[in-house]
Amino acid sequence: MNTSAYSVKAILNKLVDLLALNNHTMDKRSFLKNLGMLSLTGVPLLQSLDLLAKQTSNIPAEELAKDEDFWEAIRSGYKLKPDYINLENGYYCFLPQEILEKQLEHIREVNYQGSYYMRTVQWDNKKKMAAKLAELAGCSSDELIITRNTTESLDLVIGGFHWKEGDEAVMAEQDYGSMLNMFKLMEKKQGVVNKIISVPNHPTSDDEIVNLYANAITSKTRLLMVCHMINITGQILPIRKICDMAHSKGVEVLVDGAHAFAHINFSIPDLGCDYYGASLHKWLSVPLGAGILYVKQGNASHVWPLLASGVTDQNDIGWLNQIGTHPVHTDLTIADSIDFYLKIGRERKESRLRYLQNYWTSRVRNVPHIEVNTPEDPKRYCGIGNVGIKGMKPQLLADTLLKKYKIYTVAIDGAGVHGCRITPNLYTTTKELDTFVEALKAMG
């Protein structure tokens, strides 16, 4: 079949025929409405998603990103709270219904086996999940471990780094508060000197950003921390250029990838960093309680573990991976979330999220009373944006959006950013964003 000759509407109609239940014909509207519940009637969401993805395989990601019919099919796999439009997926991207059911299956199975599971296959399964994540990240399985979140991953490196009094660390005021607090603790505990820069919301070039970090480095600098994607604005930073610069000065680089992993398509080794941490409950939609830490081959011995483990080889990343007894069913669900992500497609997801962000920001960038705090250059953003109303406190903006317009966001007021962070997800529709845009315009 020549897929390019078919519209997504036509493909969905074909899927309706393929997936008709109990020999009854469903129209497209019924299919979209019931797609998320097909697992209850014999046709799992992942199976129908696989068919849909195959049928649209020849449609370019940028073209498919604009087709609301395709994404309506994805949306139908989620159970959405009707009380408000959720534009705050950056904290926690909740699970599609079938992945939630998979998680519950894993919980039941672990509970069924109890100590037998924990003493026999727990660690083998964790290694299998870590290997799947390493494949997704493009790195070796002996360079990646599963943690509980980004904070644990990055603070493990910050707190475990072999500091000496007077050593310097470079970071930005736009970095996440938990990591900045950890550096403050190292200042008190180890005598580390923290050099803090400020990343502009609208940089003119990569060189402007690289030079900001470069100018903060001295002969005493040991570690540089940088966000892959700044959590409060969504700005994507030129990580490879920053890493190359830092390495040329003998400085190791720690990257906060909380919002980049499974959001944009990349390979961690291609970034050239020494350490990379991310949360899986954000854009990969894994249940709460899982993150990753990448440690470049040969660097594990540069860091003391958070908790002592039984691994004695300091070159083995496993020596950093002791966290005690934890919810292992979350680890098992990682594979299901990866399957869901890959069936949609890396490029498709990135293209859709970038399309959604540009869809609303392009409609308000030139409105006099509205200020967009995210760069306009497509290479510097993806799904996250930040917007403010001139003369209005961010918290008042967030409260007004929720109370008057039933739109849920989060207020950001600091580090040179004054507005609300807007984080749509794959289930977000352009109609919902139209409502958001009209709300912003009405506040003038």
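The values are calculated or read from the model by the stated rules, or taken from the named source; none is laboratory data. Because the structure is predicted, anything quoted here is derived from the model rather than measured. In this analysis, Cβ positions are derived from the backbone assuming ideal geometry, glycine residues included, and neighbour counts consider all displayed protein chains.
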Original post:
Among all residue pairs at least 6 apart or on different chains, which show Cβ distances below 8 Å where the first residue, located in the stretch 167-188, is closer than 13 Å to Cys227 by Cβ and the second is among the charged types (D, E, K, R) and at pLDDT 95 or above?
Top reply: Val170/Lys195; Met171/Lys195; Asp175/Asp256; Tyr176/Asp256; Ser178/Asp155; Met179/Asp155; Met179/Asp256; Leu180/Glu173
Subject >> Answer residue from the stretch 377-422, given it is out of contact with any Lys or Arg (no Cβ under 8 Å at 6 or more places or on another chain), in contact (Cβ under 8 Å) with a residue 12 or more places away in the chain and within 23 Å of Phe261 (Cβ to Cβ) and is surrounded by the fewest Cβ atoms within 10 Å (Cβ to Cβ) among those >> reply: Lys379
Original post:
Residues in the stretch 149-162: is at least one buried (at least 16 other Cβ atoms within 10 Å of the Cβ), more than 20 Å from Cys227 (Cα to Cα) and modelled with pLDDT of 95 or more?
Top reply: no
Original post:
Would you pick out the residues in the stretch 195-214 that are of a type outside the set (Val, Ile, Thr) and surrounded by 15 or more Cβ atoms within 10 Å (Cβ to Cβ)?
Top reply: Lys195, Asn201, Pro203, Asp206, Leu212, Tyr213, Ala214
Subject >> Residue that is nearest to the chain's Cα centre (by Cα), among those in the stretch 277-324 that are without any contact (Cβ under 8 Å) to a residue 40 or more places away in the chain and surrounded by 20 or more Cβ atoms within 10 Å (Cβ to Cβ) >> reply: Ala300
**OP:** Could you please tell me which pairs satisfy a Cβ distance under 8 Å, a separation of 6+ or placement on different chains, a first residue in the stretch 356-376 that is aliphatic (A, V, I, L, M), and a second residue that is modelled with pLDDT under 95 and in a loop (DSSP other than H, G, I, E, B)?
**Re:** Val367/Gly444; Ile370/Gly444
Original post:
Residues that are of a type in the set (S, T, N, Q) and within 27 Å of Gln47 (Cα to Cα): which helices (runs of 4 or more DSSP H) entirely in the stretch 72-177 hold 1 or more of them?
Top reply: 97-113, 122-137
Original post:
When you scan the stretch 340-366, how many residues do you find that are surrounded by fewer than 17 Cβ atoms within 10 Å (Cβ to Cβ) and out of contact with any strand residue (DSSP E or B) (no Cβ under 6 Å at 6 or more places or on another chain)?
Top reply: 5
